Amino acid sequence: MQRANPASGKALIRAGVTPVSPGAYLEKIMLPSMKMGVEDAARDMRIPVSQLRDIIGSRRRVTHEIAEALSRLTRLSVKFWLNMQAATDLSRAPKHTPASQDTSARTARHS
């Protein structure tokens, strides 16, 4: 089995490919393949249904604690869920060019 290149996620983001959020992946891929609804998944994860719905709707981030619960539920690693969240966060972060960061750093030092 070939391992994914850790840099490939960053390269995809730079290329303009929007990563799938952990909640969307859970809702569209994992839960149907497990023949499980949101309520059942939340119960098995021991979290409120509203919290899982917020994750699915991208209104709440996947924390380490939630990644552990998702890992137990899906048998995918904690790292998988955290990396998926990190890729989503990076894709939504404001875009700054190195030159603009350089300028702000110089301005802050001279103030």
Task: S77 versus A24: modelled label distance in nm, points set 7 Å from Cα along the beta carbon direction - done: 2.4
- [ ] Counting only C-alpha contacts under 8 Å and six or more residues apart, can you give the relative contact order of the stretch 19-109 as a whole percent?
- [x] 30
Open item on the list: Please compute the alpha carbon radius of gyration of the stretch 19-109, then divide it by the globular-protein estimate 2.2 N^0.38 Å. Two decimals is fine.
Closed with: 1.38
Open item on the list: Show me the ranking of peptides 49-56, 28-35 by mean Cβ neighbours inside 10 Å, starting with the highest.
Closed with: 49-56, 28-35
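Every number in this text was worked out from the coordinates using simple rules, so none of it is lab data. Source: prediction; values computed, not measured. Quick reminder, even Gly has a Cβ in these numbers, built from the backbone with ideal geometry, and neighbours come from all protein chains shown.
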